[in-house]
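For reference, the structure discussed in these notes is given below.
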Amino acid sequence: MWLDPDVRWLTGVHEAEDHAYLVRELYEELLWWLIMPSLLRLAGEAAPSRTAVETMSRTIEDALTTAEAVGYRVDLLLGPASPEGANEEDARKVEPLPD
Amino acid sequence: MVYNNRYGETHGTIDFSVAYADKGANQLRQQRIREGLGLSDAASVTLAWRDSLTGLNYLRRTKDLAERGLTLDLHAYQCHVFLDWRELYSTAEQPWDRLSDQLNGQGVANLEDALVNLELQPAHDALRAQLEPGLVRLFADLAEHPRALAAGTDTETEAKRTEFFETAWARCESFLRLGQKAYLALGGNEASGAKPANPALLRAAFRERLRAAMRIPAVEALFPAPWTVAARRMLPSPSPQLTATAMWGPVLGWCVLELLAESIDTTNPERVALDLFDRLRLREPFAQAFTALGFEARSMACRCPRQSWAAYRGRCRQAARRAGRSHGGLGWTSCAFACLVARSGCSLADWGT
């Protein structure tokens with residue numbers, strides 16, 4: 001998905017010193033939009049579950065924390081086996097995004 | 001070859017050749033274009049040709065060309081080199097005559113591609129009608145009305161709500177029918193073999209979906225903390241960051257796309273939604289609808305503060321070309337947002353791949 005031009009544009013992906021970076025605010029917008037289908041299903045329930053809401057909230061927080069931990073580098077978000085030669089310390093910081 | 005060798009526009013019709021000497025009859029003769037090109041008289045035949053300078057392809061019914069000649073408008077110093085003249089025979093699968101009528105003299109990069117777009121046009125029109133600004137505005141008004149969801153509390157609101165649902169459903173049903181038809185025609189369900197549900201049976205599901213969407217602002221209160229500015233720029237909220245139509249249009253767009261996907265395959269609607277978006281070429285009608293809803297009013301400066309918008313757009317266009325896509329003259333915000341609507345069903349986990 002990170003190779004999709006629309007996604008890259010929406011998240012403000014740009015090159016600096018041979019690395020691709022995203023823009024946190026735009027990435028956050030995207031994450032919020034991506035929970036919309038879940039939110040829609042939740043809003044359709046007679047009594048929306050607070051647990052489900054908290055899970056959504058945590059999902060976004062975790063995704064933002066992960067992005068921050070890798071310095072908003074897209075290649076590191078792709079995982080430690082990145083072809084762009086991420087250093088090991090940075091790679092260890094990468095955690096899988098929550099389901 | 002046609003050339004306008006002056007600084008100014010020109011308009012003309014090519015029908016008769018210059019005179020040439022018929023030495024046998026000892027007189028000057030002229031040929032009409034139909035004779036020169038040896039055109040068929042059959043009504044179903046369409047003539048195609050290509051401008052080798054621009055790569056654009058043109059169509060014209062041979063009957064029209066034979067009767068009226070080739071009419072052209074040229075800008076200052078504009079030139080055409082028309083090659084590859086060929087006759088195309090219209091069939092039910094390849095209605096070149098209808099495509100010629102629709103193009104009305106406009107050139108296209110790929111005729112087969114234009115033919116697919118022609119077949120998809122009814123579904124695209126239905127989608128645009130679904131996201132028509134007046135309807136989205138009514139949706140937004142109702143959703144943001146504090147009593148809109150409580151049945152029977154306000155006669156006027158109740159009447160507006162009923163009117164909205166009836167109109168929205170009529171348009172949605174039309175989109176579902178046309179979308180299903182186009183998807184099947186393009187072999188969309190070949191892998192799954194699933195049989196689409198009858199759209200008429202989805203009325204209640206559509207109504208429930210819209211009602212759920214209208215409750216999204218209320219769900220914010222359940223979150224442990226108030227939504228951030230980023231969230232309020234993307235999702236309907238009691239204190240939104242964008243205009244009501246810009247907030248609610250994409251939500252309505254997602255509702256109908258997801259319903260169409262579910263009507264085709266209930267087991268994997270997210271995958272089908274994305275497939276529908278690509279196969280039915282929904283990017284353009286979505287983007288046009290979002291443009292009409294005011295998406296281009298968003299400040300580009302705040303989106304890419306460290307570089308000029310033009311330069312950034314140029315790079316994005318290059319990236320899009322590499323990905324084999326064309327966005328035409330549509331705004332990038334709306335194009336990208338249309339893409340986002342389609343990607344809504346993707347799990348966040350996909351972002352690590």
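The values are calculated or read from the model by the stated rules, or taken from the named source; none is laboratory data. Quantities reported herein were computed from a predicted structural model and do not represent experimental measurements. As a convention, Cβ positions derive from the backbone with ideal geometry for all residues, glycine included, and neighbour counts pool all protein chains shown.
Quick check on A:Ala63: is it crowded, with 19+ Cβ neighbours inside 10 Å, closer than 23 Å to B:Phe223 by Cβ, facing another protein chain (nearest Cβ under 7 Å) and small (Gly, Ala, Ser)? Give the derivation first.
On the way: crowded, with 19+ Cβ neighbours inside 10 Å: yes; closer than 23 Å to B:Phe223 by Cβ: yes; facing another protein chain (nearest Cβ under 7 Å): yes; small (Gly, Ala, Ser): yes.
Yes: the conditions hold for A:Ala63.
Filter the helices (runs of 4 or more DSSP H) completely within segment B:186-251 down to those with at least 3 residues that are modelled with pLDDT of 90 or more and within 23 Å of B:Phe175 (Cβ to Cβ).
Values: elements: B:203-214, B:216-219, B:229-234.
Passing ranges, in order: B:203-214.
Going through segment A:5-59 one residue at a time, which ones are within 7 Å of chain B (Cβ to nearest Cβ), more than 20 Å from B:Glu208 (Cβ to Cβ) and not in a helix (DSSP H, G or I)?
Scanning segment A:5-59 gives a single hit, A:Gly12.
Within segment A:1-29, can you find the residues that are without any contact (Cβ under 8 Å) to a residue 12 or more places away in the chain and hydrophobic (A, V, I, L, M, F, W, C)?
A:Met1, A:Leu3, A:Trp9, A:Ala16
Report the residue count in segment B:185-223 for those that are more than 14 Å from chain A (Cβ to nearest Cβ), basic (Lys, Arg) and out of contact with any Asp or Glu (no Cβ under 9 Å at 6 or more places or on another chain). Spell out the reasoning first.
As a first pass, look at segment B:185-223 and keep what is more than 14 Å from chain A (Cβ to nearest Cβ): B:185-203.
Then keep just the ones that are basic (Lys, Arg); that gives B:195, B:203.
Restricting the remaining residues to those that are out of contact with any Asp or Glu (no Cβ under 9 Å at 6 or more places or on another chain) gives B:195.
The total comes to 1.
Does segment B:230-268 hold any residues that are small (Gly, Ala, Ser) and either touching a Cys at 6+ places or on another chain (Cβ under 9 Å) or without any contact (Cβ under 8 Å) to a residue 40 or more places away in the chain (or both), and which are they?
B:Ala230, B:Ala231, B:Ser237, B:Ser239, listed by residue number.
Which pairs do you get when a residue that is under 26 Å from B:Leu118 (Cβ atoms), found in segment B:181-210, comes within reach of a residue that is in a loop (DSSP other than H, G, I, E, B) and among the aromatic types (Phe, Trp, Tyr), reach meaning Cβ atoms under 8 angstrom, with the pair 6+ apart or on two chains?
Taking only residues 6 or more apart or on different chains, not a single pair turns up.
B:Ala168 versus (1) at pLDDT below 95; (2) in a helix (DSSP H, G or I); (3) in contact with a helix residue (DSSP H, G or I) (Cβ under 9 Å, 6 or more places away or on another chain): which is the lone unmet condition?
With (1) at pLDDT below 95; (2) in a helix (DSSP H, G or I); (3) in contact with a helix residue (DSSP H, G or I) (Cβ under 9 Å, 6 or more places away or on another chain) applied to B:Ala168, the lone miss is (1).
Working only within segment A:44-59, note down all residues that are modelled with pLDDT under 90 and surrounded by 13 or more Cβ atoms within 10 Å (Cβ to Cβ).
Hit for segment A:44-59 is A:Pro48, nothing else.
Being among the hydroxyl-bearing types (Ser, Thr, Tyr) and either over 14 Å from B:Gly36 (Cα atoms) or in contact (Cβ under 8 Å) with a residue 60 or more places away in the chain (or both) is the filter here, so list the residues in segment B:60-75 that pass it. Write out each step before concluding.
Going residue by residue through segment B:60-75, those that are among the hydroxyl-bearing types (Ser, Thr, Tyr) are B:62, B:71.
B:Thr71, the sole residue that qualifies.
Please go through segment B:278-314 and pick out each residue that is surrounded by fewer than 20 Cβ atoms within 10 Å (Cβ to Cβ), closer than 19 Å to A:Arg8 by Cβ and at pLDDT 50 or above.
Hits for segment B:278-314 are B:Asp278, B:Gly314.
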